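Some notes on the structure that comes next.
The values are calculated or read from the model by the stated rules, or taken from the named source; none is laboratory data. Fair warning: this is a prediction, and the values are worked out from it, not measured in the lab. Quick reminder, even Gly has a Cβ in these numbers, built from the backbone with ideal geometry, and neighbours come from all protein chains shown. Just so you know, the surface numbers come from the protein's heavy atoms only, side chains and all, with ligands and any DNA or RNA stripped out. Shrake-Rupley method; radii C 1.70, N 1.55, O 1.52, S 1.80 Å.
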Amino acid sequence: MNYATIKWTDIANGEGVRISLFVSGCTRRCKNCFNAVAWDFDYGSPFTKEVQESILQGLEADYISGLSLLGGEPLEPDNQRALLPFVREAKKRFPQKNVWCYTGNTFDPETGLLKEKEKNTEVTEELLSYIDVLVDGEFIEEKKNIRLKFRGSSNQRVLDVKKSKILKTPVFYLD
């Protein structure tokens, strides 16, 4: 997997000060996507063990609230497989820090998987188990609203993944 960029002190993509990893690769290609350059799976730099360790070391700082995964599309099948060991290690080292993930896919709380069945892999369920807040739904230009917190269009949801899975219904982290 490649990544497009890393923001080491991001306040726009989740609550608090965060480290945000923008992965490369997206097949959805939403109209007027804010990060279309990251659609290409080959864009950016390789997500090496050294890069991963650098992010994990950055998460040690007390002022960092957590990790955000964006794209591109973190939940493209190949990206899921690459992200799982990294996110697993992040949660092992920093269980008190939360993980936010932005996806154009739709979370199905009844199954605990993605509604887009072709996007589910052998690692989807485990990866989603490490994600605390999921911002789901594709960006729709006609529903764009710059006043929304942590999302670009009104169809997107900011979900508490764990509560949604337990209750088998969408539980909104933010209204």
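Overview of values
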quantity	calculated
The stretch 40-62, subset out of contact with any strand residue (DSSP E or B) (no Cβ under 9 Å at 6 or more places or on another chain), assigned to a loop (DSSP other than H, G, I, E, B) and acidic (Asp, Glu), residue surrounded by the most Cβ atoms within 10 Å (Cβ to Cβ)	Glu60
Odd one out for Arg29 among (1) open to solvent by 80 Å² or more (accessible area, probe 1.4 Å); (2) at pLDDT 95 or above; (3) of a type in the set (D, E, K, R)	(2)
Scope the stretch 85-99; condition in contact with a Leu (Cβ under 7 Å, 6 or more places away or on another chain) and either part of a strand (DSSP E or B) or open to solvent by less than 50 Å² (accessible area, probe 1.4 Å) (or both); matching residues	Val87, Ala90, Phe94, Lys97, Val99
The stretch 108-119, subset part of a loop (DSSP other than H, G, I, E, B) and without any contact (Cβ under 8 Å) to a residue 12 or more places away in the chain, residue least open to solvent (accessible area, probe 1.4 Å)	Glu116
Lone unmet requirement of (1) buried (at least 22 other Cβ atoms within 10 Å of the Cβ); (2) over 23 Å from Ser24 (Cβ atoms); (3) in contact with a helix residue (DSSP H, G or I) (Cβ under 8 Å, 6 or more places away or on another chain) for Leu159	(3)
Residue that is most open to solvent (accessible area, probe 1.4 Å) [pool: residues in the stretch 162-172 that are out of contact with any Ser or Thr (no Cβ under 7 Å at 6 or more places or on another chain) and over 24 Å from Cys30 (Cα atoms)]	Ile166
Number of the condition not met by Asn105 [criteria: (1) in contact with an Asp or Glu (Cβ under 7 Å, 6 or more places away or on another chain); (2) assigned to a loop (DSSP other than H, G, I, E, B); (3) farther than 18 Å from Phe139 by Cβ]	(3)
Only listed residue being under 16 Å from the mean Cα position of the chain (by Cα), of a type in the set (D, E, K, R) and closer than 29 Å to Pro95 by Cα, chosen from Glu53, Glu73	Glu73
Test: residue in the stretch 28-39 that is in contact with a Leu (Cβ under 8 Å, 6 or more places away or on another chain), assigned to a strand (DSSP E or B) and of a type outside the set (A, V, I, L, M)	no
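Each row is one residue, and each column tells you yes or no for (1) open to solvent by less than 20 Å² (accessible area, probe 1.4 Å); (2) part of a loop (DSSP other than H, G, I, E, B); (3) free of Cβ contacts under 8 Å to residues at least 12 places away in the same chain.
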| residue | (1), (2), (3) |
| --- | --- |
| Gln80 | yes, no, no |
| Cys101 | yes, no, no |
| Leu128 | yes, no, no |
| Phe139 | no, yes, no |
| Ile146 | no, yes, yes |
